[in-house]
Each structure stands twice: as structure tokens, then as C-alpha cells.
Amino acid sequence: LMSNLIGEQAANLEMVDAKGKSIPLYNISSDYIVVCFWDPECSHCRVQVPRLDSMYNAKWKKEGVKIYGVLTETKDKEQWEKFIQENNRNGWINVYETDAQKKILEEAKRPSYKQLYDVIQTPTLYLLDKDKKIIAKKLTMEQMNDVLQVKINNSNTSGKSARK
């Protein structure tokens, strides 16, 4: 668990999107990134992920926050793609780990993202800053909103003070 301590840099995630394009977490540029580990077959995710997306569209998106949505189970990638389309999750960066990527990690005896991020249930949410340092982890959507609003308000206030 040392790899996911608050204040430490989060592990990079080398994931691909539905078209197979590599989109590593470290390539995402934003002051704040919400990493959401989820599965469309998870009943809790089917309720919470649309609520998270509503919060994102209502508040966070205009502040430049990005959501890096990680599919946790790739056994039914088609269902994942269908969920994304039907629920208009196109504003998110939707990614997953391929079987080939999993095999490379296993053969190298390197920890999986589930180990690095302590993902034992879904959805699991992390908040990272622009340097990919962990600000908060395993929050509810409401807690994530509260933390983000404080961070955004503080950065807006400090930005105004610096300009004076």
C-alpha cells in the first residue's frame, strides 16, 4: 500500500481506449484528475457512475477536471463500450488494460493496477493533482465533490491574490 499514500505520486497506468490507442495516465494534462475504477456489470457502478458523470458535467468539467475511467473487468468489453455510448460517457477518458499488458506484468512479476491502487471494490475513486500526486482516495462521489470544490476554490483564490 506504500505506492498509494496520500501526497505520493500515483503509479502510472498504461491503459488503452476502446480503439486500442494507448492513453497513459501520465499523459493526461489537468490540474485535477479523478481516476474512477469501475465495471458496467457492477450494480453499484450502474448507479454511482451516472451520478459521478452528472457531477462532472455540472461542476467539474468547466473547471478543467478530467476523469480517467478504468474498466476493471475486461471479460465483456462490448458491454463496457455499450454502457459508455448509452450513458454518453464520451467526456471521460475511458480505458482498460489489455490481456497482453496483464501478461507482461505477470511475467515481470510486477504488481497490477489493482494492487497499486488497492482496488478491491468498484467504483473506487482517486483524486490526483497536476503532478499525479494523490490528493484523496476511496472517496464517495459526495466527498470527491467536496474535496474538489475546496481545491478549486483555493486555487482560484490563490490565483487572484497572485495577480493583485
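The values are calculated or read from the model by the stated rules, or taken from the named source; none is laboratory data. It should be emphasised that the depicted structure is a prediction, and the values quoted were computed from it without experimental measurement. Cβ placement follows ideal geometry from the backbone for every residue including glycine, while neighbour counts extend to all protein chains displayed. Keep in mind that these areas ignore ligands, DNA and RNA; they rest on the heavy atoms of the full protein, side chains included. Shrake-Rupley method; radii C 1.70, N 1.55, O 1.52, S 1.80 Å.
Each Lys and Arg Cβ is given +1 and each Asp and Glu Cβ -1; about its Cα centre, segment 84-164 then shows a dipole of about 500 debye. With q set to 0.14, 0.17 Å⁻¹, the log10 of I(q)/I(0) for the chain, from the Debye formula over equal scatterers at the Cα positions, is -0.71, -1.04. For segment 40-114, the Stokes-Einstein estimate of translational diffusion at 4 °C and a viscosity of 1.567 mPa s comes to 94 µm²/s, using the Kirkwood hydrodynamic radius over alpha-carbon pairs.
With the largest listed first and rounded to whole Å, the semi-axes of the equivalent ellipsoid of segment 71-164 from the Cα gyration tensor are 32, 19, 13.
Bridges between two residues of segment 1-131, per DSSP, are antiparallel at a rate of about 45%.
As I understand it, the dipole of segment 7-92 uses +1 on the Cβ of Lys and Arg and -1 on the Cβ of Asp and Glu, about the Cα centre. Which of His44, Met15, Asn88 lies farthest toward its positive end? The one lying farthest along the dipole's positive direction is Asn88. Stretching the chain fully between Lys77 and Thr157 yields a gain of 24.5 nm (0.36 nm per residue, less the alpha carbon separation).
Once R0 is set to 25 Å, what does the formula 1/(1 + (r/R0)^6) return for the Cβ-Cβ distance between Ala58 and Ala18, expressed as a FRET efficiency to the nearest 0.05? FRET efficiency, Ala58 to Ala18: 0.50.
In a simple Cβ point-charge model (Lys, Arg +1; Asp, Glu -1; nothing else charged), the chain has a dipole of about 700 debye relative to its Cα centre.
Rolling a 1.4 Å probe over the protein heavy atoms of the chain, with every protein chain left in place, gives an accessible area that is 49 percent carbon and sulfur. Applying a threshold of 29 Å to the alpha-carbon distances of Lys62/Lys103; Lys77/Lys151; Lys66/Lys138; Lys21/Lys103 flags Lys62/Lys103; Lys77/Lys151 as lying beyond it.
Could you report the chain's accessible area per residue, 1.4 Å probe, as an integer in Å²?
Value returned for the chain: 55 Å² of accessible area per residue.
Let's test the formula: R0 of 22 Å, r as the Cβ-Cβ distance of Ser30 and Glu106. What FRET efficiency results, to the nearest 0.05? For R0 = 22 Å, the calculated efficiency reads 0.10. Secondary-structure-derived ellipticity at 222 nm for the chain, considering helices only, amounts to -11000 deg cm²/dmol, per-run term -39500 (n - 2.57) for DSSP H runs with n ≥ 4.
Remark on the chain: Cys36 stand apart, with no other cysteine beta carbon under 4.7 Å.
How many angstrom lie between the Cα centre of segment 120-154 and the Cα centre of segment 7-80? Measuring centre to centre over Cα atoms gives 12 Å.
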